[in-house]
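The next block holds one structure in the form of structure tokens; read it before the comments.
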Number of protein chains: 2
Amino acid sequence: MGVFWRNGYKATSVSDIVRETGLNTASMYKEFGDKDGLFLETLSHYRNHIIGPRYQILIDNPNLTGVEMFLKNVFLGAAKQEYKGCLMMNHLAQKHVVGVDAAQKIEAFCAEIESLIEIALKNAQSEGDIGSDKDTSQLASFVVFCVHGAVLYGRHDTKKPIIPKFYDTVMRELRR
Amino acid sequence: MGVFWRNGYKATSVSDIVRETGLNTASMYKEFGDKDGLFLETLSHYRNHIIGPRYQILIDNPNLTGVEMFLKNVFLGAAKQEYKGCLMMNHLAQKHVVGVDAAQKIEAFCAEIESLIEIALKNAQSEGDIGSDKDTSQLASFVVFCVHGAVLYGRHDTKKPIIPKFYDTVMRELRR
DNA sequence: GAGATTGTAAAATAATTATTTTAAAATGTC
DNA sequence: GACATTTTAAAATAATTATTTTACAATCTC
């Protein structure tokens with residue numbers, strides 16, 4: 001997964017994958033069909049094991065209180081990813097490159113976490129933590145954009161991700 | 001430029017470029033050396049003719065007043081780009097793929113517009129349009145991130161860019 | 001443990017893509 | 001208008017990369 005994450009679908013050769021994973025070329029083709037199939041599987045794995053767990057608490061507790069603490073964790077989790085950004089988001093600009101199946105998968109994933117966050121925001125709203133005039137759908141987009149798009153913008157020279165900087169901004173926007 | 005913009009450096013073949021530009025293959029190699037040289041030239045062109053003009057007003061008027069109007073124009077300009085995102089930003093996550101020259105060029109460009117915006121924000125601050133307690137450097141990062149990173153996050157299904165949504169958020173953050 | 005099945009390494013093939021060459025057409029120079 | 005230079009289209013080559021095959025080792029079944 002690492003190579004796809006770092007260099008993107010097209011710039012990742014099958015040899016790279018074989019080298020990195022130790023997988024056998026033939027086994028790989030038998031298991032996943034082709035490079036595209038492997039990429040789809042990678043997306044699923046990323047969703048289920050890397051990002052998923054971070055949002056699992058929202059699934060487990062549909063009435064979760066304390067969005068603030070949750071968001072802080074999500075931001076920090078994203079900031080730790082060695083500045084590689086979000087595997088899915090890094091491919092959002094490349095729908096034609098990754099193919100339609102992968103593009104759909106990525107978009108479905110984004111929609112999914114967006115609606116999870118929206119539910120959490122609505123809860124917070126009904127508890128008075130967020131003003132009743134707020135557009136929770138728009139705020140949810142904004143949160144997803146800042147969390148999953150932001151490492152992209154981490155500078156290579158400073159080697160520092162920019163996400164933590166944005167956490168405060170997002171929180172102010174929620175509380176305003 | 002279009003192909004690079006839409007599909008990224010690695011997924012763009014020389015044939016694609018030749019087809020799109022009508023350029024002759026041999027002339028292309030004579031003029032730019034190789035694909036990489038052409039990409040570097042593309043980045044320069046993008047900077048000088050596509051994005052540059054949008055920020056030119058900041059260079060021409062170091063004491064520009066009315067950041068708000070300026071920012072609005074920048075947001076709208078970005079939102080119009082056929083949802084391809086920012087050519088440079090789309091490559092930020094791929095420093096190893098595009099090579100070190102291109103990566104440096106992209107980062108220099110980002111730093112440049114960030115500091116232009118920071119100057120404008122400082123002016124606004126000294127005129128009282130922005131609170132004196134604000135960290136203009138951080139705000140500038142935030143603006144660049146929202147303007148140049150946001151189309152990335154426009155959904156393919158809805159075909160709508162998300163940038164306009166963020167304009168309000170950014171303005172609130174400035175005025176807060 | 002013989003025989004069937006599965007996994008593996010390495011080489012072979014196929015497909016794509018970057019770059020160069022070639023020979024002709026276009027253009028410029030005197 | 002003849003000659004030199006430059007541009008162009010097309011084919012040729014080189015390099016890379018995706019996929020398949022082959023021959024063999026490991027594992028499993030009875």
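The values are calculated or read from the model by the stated rules, or taken from the named source; none is laboratory data. Since the model is a prediction, treat every value here as computed from it, not as a measurement. Glycine also receives a Cβ, built like all others from the backbone with ideal geometry; neighbour counts cover every protein chain displayed. We work out accessible area using only protein heavy atoms, side chains counted, and drop any ligands, DNA or RNA first. Shrake-Rupley method; radii C 1.70, N 1.55, O 1.52, S 1.80 Å.
Quick notes on this one:
- P(r) weight above 23 Å for the range A:6-108, C-alpha pairs, percent: 38 percent
- If you sort B:Met28, B:Met69 by accessible surface, 1.4 Å probe, largest first, the order is B:Met69, B:Met28.
- Column: log10 I(q)/I(0), Debye, Cα scatterers of the range B:64-118, q = 0.28 Å⁻¹: -1.09
- Extent along the principal axes, Cα only, for the range A:2-175: 57, 36, 27 Å, with the longest axis given first.
- Cβ-vector label at 7 Å, A:Thr25, separations to other copies in nm: 2.6
- Helix-only arithmetic for chain B: the sum of -39500 (n - 2.57) across DSSP H runs with n ≥ 4, divided by the residue total, places the mean residue ellipticity at 222 nm at -19500 deg cm²/dmol.
- Only Lys, Arg (+1) and Asp, Glu (-1) charged, at Cβ; the range A:82-125 dipole about Cα centre in debye: 60 debye
- Pairs of Cα atoms nearer than 8 Å and 6+ residues apart set the relative contact order; for chain B it is 25 percent.
- Convex hull projection area averaged over all views, the range A:27-73, Cα basis, nm²: 4.2 nm²
- In summary, the convex hull built on the alpha carbon positions of the protein assembly as shown has an orientation-averaged projected area of 18.9 nm².
- Distance violations [Cα-Cα > 24 Å] among A:Lys35/B:Lys95; A:Lys134/B:Lys72; A:Lys30/A:Lys80; B:Lys35/B:Lys95; B:Lys72/B:Lys134; B:Lys35/B:Lys84: A:Lys30/A:Lys80
- The value given for the range A:1-61 is a Kirkwood hydrodynamic radius of 12.6 Å, derived from the mean inverse Cα-Cα separation.
- The label point for A:Glu68 and the one for A:Phe32, both projected 7 Å from the Cα toward the Cβ, are 4.3 nm apart.
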